[in-house]
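The values are calculated or read from the model by the stated rules, or taken from the named source; none is laboratory data. Since the model is a prediction, treat every value here as computed from it, not as a measurement. Note: ideal-geometry Cβ built from the backbone for every residue, glycine included; neighbour counts use all protein chains shown.
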Amino acid sequence: MTLNRREFIKNSALVSASFVIGFNLPTKGMAAKVEKKKEVIEPNAFIKIEPDNKITFYLGQVEMGQGAYTGIAMCIADELDAKWEEIIFEPAPVKDVFNIPGMPMMLTGGSMSIKTQQQRVRQVGATLRYMLKTAAAKKWQVRTYDVTTKDSFVINKRTKEKLSYGSLIGDIQDMKIPQDVKLKEKNEFNLMGKRVKRHPIEVEEKITGTAKFGIDVRLDDMKYACLVQPRVFGAKIKSFDDSKAKNMPGVLKIKQLPNQKIAVIADYWYQAKKASEAIKVVWDNGDFEKISNDDLIKIHEDYLNKEDLPVMKKDGDVSKAFDEAFKTVEAQYYFPYLAHAPMEPLNCTVHHKGNKAFMSVGGQFQTLYRATCAKLLGLKPEDVEYYNNYLGSSFGRRANPSADFVIDAVYVASNESWPVQTLWTREDDIKMGYFRPMTVDKAKMSVNKDGKITAFKATVVNQSLVKGTPFEGFMFKDGIDATQREGLESHPYNIPSHDLKSFCPDLPISTLWLRSVGHTTSAPVVENIVDQAAIASGIDPIDFRIKNMNNPRYIKLLENVAKQSNWYNREKNSGYGVAIAESFGSIVAYVIKIKVENNDYKVQNVWAAVDCGTAINPLGIENQIEGCVNFTMGYIKSAQITFKNGAVQQNNFYDYEVNRITDAPDNIKVEIINSGEKMGGIGEVGVPPMFAAIINALYDATGKRYTNFPIKLG
Amino acid sequence: MNAIFIDNKKYEVKDIPQDTPVLWVFRDHLNLTGTKFGCGLGMCGACTVMLDNQAIRSCQTPLSDAIGKNITTIENKEDKELNSLRVAWREYDVAQCGYCQGGQLVNAAGLLKANSKPNEQEIKDAMQGNICRCGTYNKILTAVSSVVKG
């Protein structure tokens, strides 16, 4: 990876702001200055070093289980030679300096944390280490060549004297910030590329109950709110009777919010919840009340069978290819609405203090959420102090451009004297949407006598994820949502003729990206239709894939999983399935082995091969792949959202059945291939091929193509 | 008596309505937030604590059932089984988002108190009520098994 020096210089006003701390850094000019007023200043930086050698990293990427804190901190700590175990993490405040490079906001999503941050945080770490070395060398009156660094100390190579980084901050405060400091070579890495466990301080918090999530925010005089939310999408409140609820214990206030919800504010959340159940609402459910799941499927399927839909990709001559084909295969696929159901129910805490406000939440969109709060309270964003906590998982749910759970909390706390924590029930989480949309696809593929794919036709129909949001402008064009293209248009196969179409029906059901987004449906479509084409052609599915692709990265992964799984000598009486998909810049291949028994199936083995370019933390990657496999299993086997009379039928984990330990594969083996290509993401990339491999393995075991999710046998 | 004992500390609870689930007694009345709310129906296990050494779902246990009893939560630093499990949790790098892990650890500790040598199926049966949305199940199984093997 080459260092982009030009960009570093260009951004030096921003980046230099992060070199040294315990004192503030200027945004102009190249010298640091002491912030005299406060001993510990408001951070305007990535790294803070204090006189007692305490080192704090300010991280703009949020931690929701994906390991962003550990991965990014590894990059900084390695270049800085900071003592790993003692580094402290602080969530960064909302400041432009923490924006994703090239984007106007802070956000955590698209599996981009480490790949977008590593270069600049390494540069900051390396530059600071260089400055500390220079300062120490000057003190000892030796050449910088004669000093080295380890575990947050500079060491005099000759005398073995040591100076802590913290003892040198006075010496670097007026030092000109050097540019073009060289990053470590691979062979100098102590952390990067090694199997590093999640940072020990974070682990300790998470195994002793001291980790603070948004739901754990406790402020002086804080009150709690529970909401009454509509159940039919688009419903409006006609009237409500709170005569009983308002006299219940602990209830302080009941108010209708501008977004068709009613809030009960009480001393304690359980009181608020009890009272919310006692409110009788007369709803105007509108026309959508007449709609049930079969209607929704019909709406989608009607579009699926139209020819005049927006064209995603058209080349070659599909009709001719189909006419002349040796074999053609076709299939239709159904994917239900899915709720993310993050482990920590949605919540946000807001304190409206006149012309200022404070908010504390676990969110993936710091800049947007703060701006939303400011806008609704009539304040400027900088008048809202934002704190980001750990996220009790998310899978995209806390990356909502519509900011739903934040808006609720702001409305609740608006013009109240207390800070209020608004917390959703699990039922609200399951029933109130922002779902991975229902998706109906059809696909057709032709193969010639030589076993080469000649044409691919597919249509995808699902609601847009971005229409009506701030993302619409750059993600929705010519009737096509960019997430519909993911994985479908960008498949790895050499195919001369395409006819790919899509359509986004308008429905009042709210939609949102779920971990790996469009790939959750495109990977099973592409990788299953290819599998069908292979089998129809009488060619081994792995051989067929390799025969129809050029990219050596894909081929290497397929060969890897073939070898790991002993593919060419597969066990009888088991079902094997293969799939490969690229998402967020990384490629993942799986072979899975399943056992079908008593009208049910169980995944026994998963053999995975991952190429994310360069692995910063192989152990973290293994953990994410294992997590993705298990996460996806629940959606493969059981979880789905269905509608009756305009409302979601499922309620809680008893009828929205996510994966449990008994569903976990017996064995998941992950091999990482460092191709050295451009770095890709990891948090989501294990999901797409899992959705696909299962269809192929079930076919191998049963001779049936199960293409409707969730997949129940019989 | 109007007190409960949480992690060896006595808390007066006479002013708290007796039908309040102990989950909310910890979290909101006493500001002990280590124990988590996940579903409110005993379906996810995030709120698991031990009541007199038995794993229970605190969202389904009214305060009246806990009066005078000893409650062990994830915040307990002295419990023998919890500490053995923590060693394994560090070793196998189990936690991801961490939200369910308190419930997982306490539930596993409850299992080990009832049966110090569970086999793999017994571990799975005991842990199947604890959801982990991040999907750390393979690591959980490995970690608990390692404690059993000693």
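Filter the range B:85-112 down to the residues that are of a type outside the set (Asp, Glu) and surrounded by fewer than 18 Cβ atoms within 10 Å (Cβ to Cβ), then identify the one that is farthest from residue B:6 (Cα to Cα). Here the answer is B:90. Considering (1) buried (at least 24 other Cβ atoms within 10 Å of the Cβ); (2) under 18 Å from the mean Cα position of the chain (by Cα), the lone condition that residue A:350 does not fulfil carries the number (2).
Which ones in the range A:199-232 are at the interface with chain B (Cβ under 8 Å from one of its Cβ atoms), part of a loop (DSSP other than H, G, I, E, B) and not charged (D, E, K, R)? A:208, A:209, A:210, A:211, listed by residue number. Scan the range A:241-263 for residues that are in contact with a Phe, Trp or Tyr (Cβ under 9 Å, 6 or more places away or on another chain) and in a strand (DSSP E or B) and the total you get is 8. With respect to the conditions (1) part of a loop (DSSP other than H, G, I, E, B); (2) in contact with a strand residue (DSSP E or B) (Cβ under 6 Å, 6 or more places away or on another chain); (3) within 14 Å of another protein chain (Cβ to nearest Cβ), residue A:393 lacks only one, and its number is (2).
Can you say whether residue B:114 is free of Cβ contacts under 8 Å to residues at least 60 places away in the same chain and outside the structural domain of residue B:7 (by TED's automatic domain parsing), as far as the supplied structure shows? It is false that residue B:114 is free of Cβ contacts under 8 Å to residues at least 60 places away in the same chain and outside the structural domain of residue B:7 (by TED's automatic domain parsing). Take residues that are closer than 30 Å to residue A:342 by Cβ and tell me which of the helices (runs of 4 or more DSSP H) falling wholly in the range A:500-602 contain 3 or more. Fully inside the range A:500-602 and qualifying: A:519-536. With respect to residue B:30, is the statement that it is surrounded by fewer than 19 Cβ atoms within 10 Å (Cβ to Cβ), closer than 22 Å to residue A:223 by Cβ and at pLDDT 95 or above true? Yes, satisfied.
Is it the case, given these coordinates, that residue A:196 is within 14 Å of chain B (Cβ to nearest Cβ), of a type in the set (A, V, I, L, M), within 25 Å of residue A:671 (Cα to Cα) and assigned to a loop (DSSP other than H, G, I, E, B)? Here the answer is yes, as residue A:196 does meet what is asked.
Taking the range A:659-679 as the range and being more than 11 Å from every other protein chain (Cβ to nearest Cβ) and assigned to a loop (DSSP other than H, G, I, E, B) as the test, the residues that pass are A:673, A:674, A:675, A:676, A:677, A:678, A:679. Does residue B:51 count as hydrophobic (A, V, I, L, M, F, W, C), modelled with pLDDT of 95 or more and out of contact with any Lys or Arg (no Cβ under 6 Å at 6 or more places or on another chain)? In short, no. In the range A:435-466, what residues are in a loop (DSSP other than H, G, I, E, B) and among the hydroxyl-bearing types (Ser, Thr, Tyr)? Answer for the range A:435-466, where residues must be in a loop (DSSP other than H, G, I, E, B) and among the hydroxyl-bearing types (Ser, Thr, Tyr): just A:464. Taking each residue of the range B:84-95 that is assigned by TED's automatic domain parsing to the domain that holds residue B:141 and looking for partners that are buried (at least 20 other Cβ atoms within 10 Å of the Cβ) and among the aromatic types (Phe, Trp, Tyr) with beta-carbon atoms closer than 8 Å, six or more apart or interchain, yields B:95/B:89.
In the range A:414-434, the condition of being within 14 Å of chain B (Cβ to nearest Cβ), outside any loop (DSSP other than H, G, I, E, B) and of a type in the set (Ser, Thr, Tyr) is met by at least one residue.
Scanning the range A:136-176 for residues that are surrounded by 16 or more Cβ atoms within 10 Å (Cβ to Cβ), of a type in the set (Gly, Ala, Ser) and more than 39 Å from the chain's Cα centre (by Cα) turns up A:136, A:137, A:167. Figure legend. Inter-residue proximity from the range A:316-333: first residues in contact (Cβ under 8 Å) with a residue 60 or more places away in the chain and among the aromatic types (Phe, Trp, Tyr), second residues assigned to a loop (DSSP other than H, G, I, E, B) and buried (at least 18 other Cβ atoms within 10 Å of the Cβ), beta-carbon distance below 9 Å, spacing 6+ or different chains. Indicated pairs: A:326/A:537; A:333/A:707; A:333/A:709. Would you say residue B:121 is surrounded by fewer than 16 Cβ atoms within 10 Å (Cβ to Cβ) and under 30 Å from residue B:16 (Cα atoms)? Against the criterion (surrounded by fewer than 16 Cβ atoms within 10 Å (Cβ to Cβ) and under 30 Å from residue B:16 (Cα atoms)), residue B:121 does not qualify. Within the range A:311-340, the residues that satisfy the criterion of being among the small types (Gly, Ala, Ser) and more than 30 Å from residue A:653 (Cβ to Cβ) are A:316, A:319, A:321, A:325, A:331.
For the range B:124-138, taking the residues that are assigned to a helix (DSSP H, G or I) and either more than 7 Å from chain A (Cβ to nearest Cβ) or among the aliphatic types (A, V, I, L, M) (or both), the one that is surrounded by the fewest Cβ atoms within 10 Å (Cβ to Cβ) is identified as B:125. When residue A:619 is tested against (1) surrounded by 22 or more Cβ atoms within 10 Å (Cβ to Cβ); (2) in a helix (DSSP H, G or I), only condition (1) is not met. For residues in the range A:281-310 being polar (S, T, N, Q) and part of a loop (DSSP other than H, G, I, E, B), which is surrounded by the most Cβ atoms within 10 Å (Cβ to Cβ)? Applying the filter and picking the extreme gives A:285. Has the range A:82-97 got at least one residue that is within 27 Å of residue A:385 (Cα to Cα) and assigned to a helix (DSSP H, G or I)? For the range A:82-97, residues within 27 Å of residue A:385 (Cα to Cα) and assigned to a helix (DSSP H, G or I): present. Remark: residue A:639 falls outside the filter, which requires a residue to be part of a helix (DSSP H, G or I), modelled with pLDDT of 95 or more and more than 10 Å from every other protein chain (Cβ to nearest Cβ).
Go through the residues of the range A:445-455 one by one and say whether even a single one is modelled with pLDDT of 95 or more, at positive phi and surrounded by 24 or more Cβ atoms within 10 Å (Cβ to Cβ). No, the range A:445-455 contains no residue that is modelled with pLDDT of 95 or more, at positive phi and surrounded by 24 or more Cβ atoms within 10 Å (Cβ to Cβ). Flag not set for residue A:448, criterion: polar (S, T, N, Q) and either within 14 Å of chain B (Cβ to nearest Cβ) or within 18 Å of the chain's Cα centre (by Cα) (or both). When the range A:58-73 is filtered for residues that are in a helix (DSSP H, G or I) and within 14 Å of another protein chain (Cβ to nearest Cβ), the ones remaining, listed by number, are A:68, A:69, A:70, A:71.
Residue pairs whose Cβ atoms lie under 9 Å apart, sitting 6 or more positions apart in sequence or on different chains, and linking a residue in the range B:27-51 that is assigned by TED's automatic domain parsing to the domain that holds residue B:106 and over 15 Å from residue B:105 (Cα atoms) to a partner that is at pLDDT 95 or above and in a loop (DSSP other than H, G, I, E, B), do not occur here.
Here residue A:487 meets each of (1) at pLDDT below 95; (2) at positive phi with one exception, condition (1).
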